[in-house]
Amino acid sequence: MKTVIRRETPEDYKEIYTLVKTAFASAEHSDGDEQELVERLRASSAYLPELALVAEEDGEIVGYLLVTEITVGETPAVAVGPLAVLPCAQGRGVGGALIRAGHEIAREMGYGFSVLLGHAGYYPRFGYRPASSFGIRTKLDVPDENYMACPLREGASRLEGVVRYPKEWGIE
């Protein structure tokens with residue numbers, strides 16, 4: 001089955017809403033507000049439409065990735081998430097295809113680092129390590145092993161600073 005990655009369109013929103021709800025419905029780590037998060041991120045100044053991606057198989061949307069802009073210190077970077085894949089498509093590389101496509105686009109846009117809050121058992125295969133190992137710190141109260149970063153350019157090894165989110169996110 002061939003997976004096609006493309007940008008989301010407003011016509012996709014209803015299907016993405018259902019996908020995100022379904023993908024996170026049985027996740028132990030979910031608080032059930034991932035779709036609300038998607039809507040808040042789309043409405044924020046950090047929204048990067050070039051990095052709102054869907055994965056299709058046989059014309060059906062089976063995965064979704066939203067990547068937004070943040071800063072680390074004064075350096076622009078991106079934040080990955082949420083990443084959602086329908087249960088029927090999990091284990092087929094859909095999430096990985098979305099992440100790789102997101103990284104490629106972010107790199108082409110000039111971003112050097114990506115950060116995310118995720119499970120340490122999944123994201124290291126895509127180059128993510130604890131953000132602190134790159135000198136990146138967050139004010140979020142999360143376990144160090146779950147706040148991760150990944151360099152998007154060859155030779156990028158450190159990016160000292162605290163992650164700053166857009167003011168409208170309400171994260172100080």
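Side notes on the structure shown:
- Failed item, numbered, when Leu53 is tested on (1) at pLDDT below 95; (2) surrounded by 15 or more Cβ atoms within 10 Å (Cβ to Cβ): (1)
- For Val162: the one exception among (1) among the hydrophobic types (A, V, I, L, M, F, W, C); (2) crowded, with 19+ Cβ neighbours inside 10 Å; (3) in contact with a Lys or Arg (Cβ under 7 Å, 6 or more places away or on another chain): (2)
- The single condition among (1) crowded, with 17+ Cβ neighbours inside 10 Å; (2) farther than 15 Å from Pro82 by Cβ; (3) at pLDDT below 95 that Ala120 does not meet is (1).
- Condition check for Glu145 on (1) within 20 Å of Arg40 (Cβ to Cβ); (2) not in a loop (DSSP other than H, G, I, E, B): one failure, at (1).
- Test for Ala84: is it at pLDDT 95 or above, touching a strand residue (DSSP E or B) at 6+ places or on another chain (Cβ under 6 Å) and either of a type in the set (D, E, K, R) or within 24 Å of Leu41 (Cα to Cα) (or both): no
- Flag if Tyr128 is surrounded by 14 or more Cβ atoms within 10 Å (Cβ to Cβ), farther than 23 Å from Glu8 by Cα, of a type in the set (Phe, Trp, Tyr) and without any contact (Cβ under 8 Å) to a residue 24 or more places away in the chain: yes
- Going through (1) of a type outside the set (Val, Ile, Thr); (2) at pLDDT 95 or above; (3) in a loop (DSSP other than H, G, I, E, B) one by one, Leu98 falls short only on (3).
- Residue within segment 63-83 that is surrounded by fewer than 15 Cβ atoms within 10 Å (Cβ to Cβ) and farther than 18 Å from Ile136 by Cα present: no
- On inspection, Ile136 passes the criterion of being under 23 Å from Ala156 (Cα atoms), aliphatic (A, V, I, L, M) and surrounded by 16 or more Cβ atoms within 10 Å (Cβ to Cβ).
- Filtering segment 38-79 to residues that are within 23 Å of Arg158 (Cβ to Cβ) and assigned to a strand (DSSP E or B) leaves Val67, Thr68, Glu69, Ile70, Thr71, Val72, Thr75, Pro76, Ala77, Val78, Ala79.
- Segment 148-159: number of residues that are among the polar types (S, T, N, Q) and surrounded by 11 or more Cβ atoms within 10 Å (Cβ to Cβ): 0
- Scanning segment 114-142 for residues that are among the β-branched types (Val, Ile, Thr) and either part of a strand (DSSP E or B) or in contact with a Phe, Trp or Tyr (Cβ under 9 Å, 6 or more places away or on another chain) (or both) turns up Val115, Ile136, Thr138.
The values are calculated or read from the model by the stated rules, or taken from the named source; none is laboratory data. Everything numeric in this text was worked out from a predicted model, so none of it was measured. All Cβ positions, even for glycine, are placed from backbone atoms using ideal geometry, and neighbour counts span all protein chains on display.
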